[in-house]
Amino acid sequence: MRNRVINILKNTDGISDWRVLSTRTESTQLFFVHNSLETVRSTDTTDVKVTVYLLHDGAMGEATFSVYSSYDDERIAEEIEKARKKASIISNKPYTIPENEQGEYATASNFTSYAPASLAAKIADACFNADDMEGGSINALEIFVYKDTVSVTNSRGINKTQVKHRAMVEAIPTFTAGESVELYEQYNFTEFDRDRVRDEIAVKMREVKDRYEAKAPEKKLCCPVLLGAPELESLFYNFAYNLNFSAVYQHSNAFSVGDDIQKGAKGDKFSVTMCGAVKGSVSSSAFDADGYTLTDRKIIEDGRAVALFGGVRYAQYLGEVATGNLGCISVECGSLTDYEKRAAPYFRCASMSGLQVDIYNDYIGGEVRLGYYFDGEREIPVTGISISGKLSNAIANMRLSNETVTYESYTGPKCALLGGIEIV
């Protein structure tokens, strides 16, 4: 299909440039109800997207469409013509698409050491090995093992392919003692470590029991707030967005290069690098959707914005050197040790509805579905509360963990202790 589309594009008049992005996804899937394997499924699908570029009247238009397996040559030619017409009424500032690069790449993963069905079975075994708590059970478990082959070809000599491996676990841990409480867990990874998979599910098994037992605190809690990797990923991506070429060009950025983001810092100053690849991250890649080779760039150093990053289009608009659209974020660790963390009471957010960060209105907060109040001796599960505060105060008093963790697209401190946040 992909080669057929490319041949038709090469013989089409009236367009300036084109790009074909295809992703072939091969998967092995296991579906369990309780501990019983109900369904085994294998899939092999290919997604093809075509972008047509058209220079007209001193401007540049572009339009994208999907190609399906049912399309014959005539239908593909019709879709190209529709895209050309759409591009003719779009007037963006012209830019040059990437050119003259070829290569084949593979993201590092130990998945290649296993047959997909065998790996899926090992992942399931590791998950069920965590199901050892009285009153608890894994109500449903779904395992997905993927192999993605991503290819980008354009009219200017870009021809790149990359093979990626990833797995996803979806689990519903349940605790029953008269009534039942469930939690939902989605876990993505690119390296198989049986103990780590087991530990990930074991944490959720403990949390679902704690969620059952958790109560609203009897009195208002006044202590620093501890955020984990999911919330830190969200926090630092909010800062990174403001240093993307597209945000700067569209004047939607809250700060610029040279600005002190972490004014009056009394804790650990943070440094952030946008990356193309991070070991263990499902977002790792050698090139972006344009076929542009990704280059890491440090954008924040010691709390100060030092550089911009982003794809070829907006880089050219700003007269900057592109990095490509980087999918991973790396944050340098801080000085907070586990011993220091436990030296005084704190409130740890274990499960949130989503961290809310508003840089323009200087706000950070969100609903906490499950949290733990550490009273100096033990963590007490609590629920029915929210956190709220001034973002500038929170990051000025922030302490970053000296332990590193990789979560989704983020690698950096395992947790962060923030002061100046109200627990309500």
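Observations on the model:
- Complete set of residues in the stretch 110-146 that are part of a loop (DSSP other than H, G, I, E, B), crowded, with 17+ Cβ neighbours inside 10 Å and of a type in the set (Gly, Ala, Ser): 130
- Residues in the stretch 333-373 that are free of Cβ contacts under 8 Å to residues at least 60 places away in the same chain and hydrophobic (A, V, I, L, M, F, W, C) were compared, and the one that is nearest to residue 399 (Cα to Cα) is 343.
- Of the helices (runs of 4 or more DSSP H) entirely within the stretch 176-291, those holding at least 2 residues that are surrounded by 16 or more Cβ atoms within 10 Å (Cβ to Cβ) and of a type in the set (Ser, Thr, Tyr) occupy 245-249.
- Residue 55 in contact with a strand residue (DSSP E or B) (Cβ under 9 Å, 6 or more places away or on another chain), under 22 Å from residue 94 (Cβ atoms) and aliphatic (A, V, I, L, M): yes
- Matching residues in the stretch 52-76 - criterion: being surrounded by 15 or more Cβ atoms within 10 Å (Cβ to Cβ) and part of a helix (DSSP H, G or I): 76
- Among (1) surrounded by 16 or more Cβ atoms within 10 Å (Cβ to Cβ); (2) free of Cβ contacts under 8 Å to residues at least 40 places away in the same chain - the single one residue 330 does not satisfy: (2)
- Criterion: out of contact with any helix residue (DSSP H, G or I) (no Cβ under 6 Å at 6 or more places or on another chain), over 19 Å from residue 260 (Cα atoms) and buried (at least 22 other Cβ atoms within 10 Å of the Cβ) - qualifying residue of 376, 384, 412: 412
- So residue 300, is it under 24 Å from residue 187 (Cα atoms), of a type in the set (A, V, I, L, M) and either in contact with a helix residue (DSSP H, G or I) (Cβ under 6 Å, 6 or more places away or on another chain) or not in a helix (DSSP H, G or I) (or both): no
- Within the stretch 243-259, tally of residues that are closer than 20 Å to residue 303 by Cα, touching a helix residue (DSSP H, G or I) at 6+ places or on another chain (Cβ under 8 Å) and either aromatic (Phe, Trp, Tyr) or not assigned by TED's automatic domain parsing to the domain that holds residue 275 (or both): 1
- Of all residues making up the stretch 366-424, the number that are assigned to a strand (DSSP E or B) and either over 17 Å from residue 223 (Cα atoms) or of a type outside the set (Gly, Ala, Ser) (or both): 31
- Residue in the stretch 15-41 that is farthest from residue 173 (Cα to Cα), counting only those that are surrounded by 12 or more Cβ atoms within 10 Å (Cβ to Cβ) and of a type in the set (Gly, Ala, Ser): 16
- Look at the stretch 297-325: where a residue is hydroxyl-bearing (Ser, Thr, Tyr) and a partner is part of a helix (DSSP H, G or I) and surrounded by fewer than 22 Cβ atoms within 10 Å (Cβ to Cβ), sitting 6+ places away or on another chain with Cβ atoms under 6 Å, you get 314/246; 314/249; 317/249.
- Conditions (1) buried (at least 21 other Cβ atoms within 10 Å of the Cβ); (2) in contact with a Pro (Cβ under 8 Å, 6 or more places away or on another chain): number failed by residue 156: (1)
- Candidates 17, 47, filtered to the one that is acidic (Asp, Glu) and more than 30 Å from residue 120 (Cα to Cα): 17
The values are calculated or read from the model by the stated rules, or taken from the named source; none is laboratory data. Just so it is clear, the model here is predicted, and its values are computed rather than measured. Cβ atoms come from the backbone with ideal geometry, glycine included; neighbour counts cover every protein chain shown.
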